[in-house]
Every structure is written in C-alpha cells, then in structure tokens.
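Since the structure comes first, as structure tokens, the remarks are kept for the end.
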Amino acid sequence: MTDALGAAGSLSAVAALNDLAHNTALDEKLRIDAILAFVQMQHPMMEAMHALDDSMNDPEANIRSAARMMSGARSRAGRADHPTEANAIDTSLIDLYRNARDTRDKAKLLGSLGNSAGPSTVPVIEEASHDSTTAIRAAAARPLRLVPGPGIDRPLSAVITSDPDPTVRADAIFATRFRHPLSEPLADALMQAAGTDTAMSVRSNAMAVLSQNPGASLQIPEILARIIQDDADSGIRRQAAEALKALSSAASIRR
C-alpha cells in the first residue's frame with residue numbers, strides 16, 4: 001500500500017504517507033515503510049519536499065535514520081523542479097553531519113548526503129574520504145557513485161589506489177559500478193587494483209568491474225593476461241581467465 005501511494009505521488013498520497021510516518025501509535029515498521037515509499041516519487045511535488053523535515057530529528061533512531069536517507073533521495077529527485085527546497089534539505093543534512101558525534105550516525109548521514117549528491121554535499125563527502133577513521137572513509141566512498149560529472153573520478157581513483165584500508169578501497173570500487181561510461185582515470189585505477197592490490201577481494205572486485213566495461217581501456221586484455229600468469233591466488237587467476245575468454249568471444253562476435 002505504501003509503495004503504491006509513493007508511486008502515485010499525488011497531494012493526497014503525500015498527505016497519507018506523511019500521516020503514517022508521523023503516527024506514533026503505529027508499528028515502527030509501518031512508519032518506516034511510509035517514509036521509504038517517498039523514494040518512489042521520481043518528480044516529488046513541493047509538499048513532498050517538506051514532508052519529512054521534522055522526522056529527520058525524530059526521537060526514534062530508526063525513524064530519523066530512514067527520514068534522513070529519504071530526504072537525501074528527495075533532494076536529488078526534486079532538485080530540478082524545486083532547487084531551493086533541495087538546497088535546504090542538503091543544508092539540514094550537512095548540519096546534522098557536522099554536529100554528529102557518533103561514528104555510526106556520521107556514516108549513515110554520509111549515505112544520506114550521497115543520496116542527494118547535490119553541489120553542497122560533494123565537498124563534505126570528499127572531505128570525509130580523507131577522515132582518519134576507517135569507517136567514515138568507507139561510508140564516504142560509496143556515496144561518490146551518484147555524484148554527477150567527471151570531476152569526482154580522480155578523487156575516487158585516488159581512494160582505490162591509495163587508501164590504506166582494503167574495505168575502503170573495495171567500497172570505492174563498488175562506486176565505480178555506477179559510473180557510466182567508465183572514465184580513463186577510473187579504468188587506470190581499476191587496472192592497477194586488479195593487478196597489484198594486496199587484498200584478494202579488492203583485486204577480484206576491480207577485475208569484475210573491468211570485465212563489465214571492456215571498452216574502457218585497450219589495456220584490459222593485457223592486464224587480465226598478466227594476472228593469469230602472475231597472481232598468486234588460483235581463484236583470481238581463474239576469474240581472469242574467464243574474463244579474458246568472455247572478452248575474446250565478444251570481440252570475435254563483433255568481427
């Protein structure tokens with residue numbers, strides 16, 4: 001029911017979801033479902049942009065977390081039609097992030113900022129990608145996936161090749177799955193990670209993204225062949241062999 005209301009996106013649907021989200025007599029799960037239904041609105045009306053403002057500071061942790069995530073998503077979806085309201089949401093989220101003291105809360109707020117990916121949120125996310133706390137850097141890596149334009153690709157590449165923690169590097173590689181087309185800096189970073197990263201999971205993840213973007217660099221087959229020959233892990237060598245075989249078959253079909 002809540003998803004149908006979200007998809008409708010009408011004034012009455014927004015009002016109904018807002019009422020459900022604020023009804024403290026209801027089960028928390030239903031209230032959260034009502035909040036999450038706002039993601040269905042691809043072009044939210046003005047009333048939807050304001051619907052969850054107070055819920056971002058709800059006394060219930062799960063309610064305010066869901067509201068913050070959806071506020072970021074509404075900002076992104078409504079920015080073209082309601083730029084002032086989108087900017088106001090971003091400002092609120094940034095203030096919440098700046099004032100948060102708990103690492104887990106800060107990490108969740110970075111996810112909310114990433115859902116928005118508005119102009120004012122990007123510097124905050126980039127700053128967090130250099131934080132001394134691994135959990136914060138990891139939480140900042142994934143949101144970079146939605147930042148528009150090629151300007152974020154070099155900072156994201158630097159995380160892939162330079163961050164000292166493999167979890168952060170893996171989260172940055174996850175973000176590249178959403179970057180289309182894959183830029184030269186990202187392709188270079190992924191090839192370096194696939195061939196030399198010390199963590200097997202990072203090498204595997206990087207190779208998977210390269211396999212899905214064979215046109216990103218003419219060097220991808222060469223990198224895969226080198227991995228087949230040199231990598232110490234048999235599973236990685238097998239993955240590279242399968243990827244190279246798939247690329248060769250695709251090239252044969254094109255010819």
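The values are calculated or read from the model by the stated rules, or taken from the named source; none is laboratory data. If you're wondering where the values come from, they're calculated on a predicted model, not measured in any experiment. Note that each Cβ is placed from the backbone with ideal geometry, even for glycine, and that neighbours are counted across all protein chains shown.
General remarks:
- Residue in the stretch 147-155 that is small (Gly, Ala, Ser) and surrounded by 15 or more Cβ atoms within 10 Å (Cβ to Cβ) present: no
- Check on residue 116, under 24 Å from residue 96 (Cβ atoms), touching a Ser or Thr at 6+ places or on another chain (Cβ under 6 Å) and of a type outside the set (A, V, I, L, M): yes
- Residue count for the stretch 162-182, restricted to those that are outside any helix (DSSP H, G or I) and more than 17 Å from the chain's Cα centre (by Cα): 3
- Of everything listed in (1) in contact with a His (Cβ under 7 Å, 6 or more places away or on another chain); (2) assigned to a helix (DSSP H, G or I), the single unmet condition for residue 81 is (2).
- Residue match in the stretch 221-243 (condition: in contact with a Pro (Cβ under 7 Å, 6 or more places away or on another chain), in contact (Cβ under 8 Å) with a residue 24 or more places away in the chain and either surrounded by 14 or more Cβ atoms within 10 Å (Cβ to Cβ) or of a type in the set (Phe, Trp, Tyr) (or both)): no
- Count of residues meeting criterion [surrounded by 13 or more Cβ atoms within 10 Å (Cβ to Cβ) and in a helix (DSSP H, G or I)] in the stretch 84-103: 13
- Contact map, the stretch 17-32: residues that are closer than 16 Å to residue 3 by Cβ and surrounded by 12 or more Cβ atoms within 10 Å (Cβ to Cβ) paired with residues that are at pLDDT 95 or above and of a type in the set (Lys, Arg), Cβ distance under 9 Å, separation 6+ or inter-chain. Pairs shown: 20/31; 21/31.
- Residue in the stretch 73-83 that is among the hydrophobic types (A, V, I, L, M, F, W, C), out of contact with any helix residue (DSSP H, G or I) (no Cβ under 7 Å at 6 or more places or on another chain) and surrounded by 19 or more Cβ atoms within 10 Å (Cβ to Cβ) present: yes
- Take the conditions (1) charged (D, E, K, R); (2) more than 30 Å from residue 232 (Cα to Cα); (3) in contact with a Lys or Arg (Cβ under 9 Å, 6 or more places away or on another chain); residue 102 misses just one of them, which is (3).
- The stretch 6-24: number of residues that are more than 18 Å from residue 64 (Cβ to Cβ) and either part of a loop (DSSP other than H, G, I, E, B) or among the acidic types (Asp, Glu) (or both): 2
- Given (1) farther than 20 Å from residue 69 by Cβ; (2) aliphatic (A, V, I, L, M); (3) within 16 Å of the chain's Cα centre (by Cα), index of the condition residue 158 fails: (3)
- Test: residue in the stretch 156-163 that is closer than 18 Å to residue 192 by Cβ, of a type in the set (D, E, K, R) and surrounded by fewer than 22 Cβ atoms within 10 Å (Cβ to Cβ): yes
- For residue 47: the one exception among (1) under 22 Å from the mean Cα position of the chain (by Cα); (2) assigned to a helix (DSSP H, G or I); (3) surrounded by fewer than 21 Cβ atoms within 10 Å (Cβ to Cβ): (1)
- Among the residues making up the stretch 114-139, those that are assigned to a helix (DSSP H, G or I), of a type outside the set (Gly, Ala, Ser) and under 24 Å from residue 164 (Cα atoms) are 122, 123, 124, 125, 126, 127, 134, 136, 137.
- Cβ separations smaller than 7 Å between residues 6+ apart or across chains give the following pairs from the stretch 142-161 residues that are assigned to a loop (DSSP other than H, G, I, E, B) to residues that are at pLDDT 90 or above: 147/117; 147/122; 148/117.
- Residues that are under 27 Å from residue 105 (Cα atoms), part of a helix (DSSP H, G or I) and in contact with a Leu (Cβ under 6 Å, 6 or more places away or on another chain) do not occur anywhere in the stretch 188-198.
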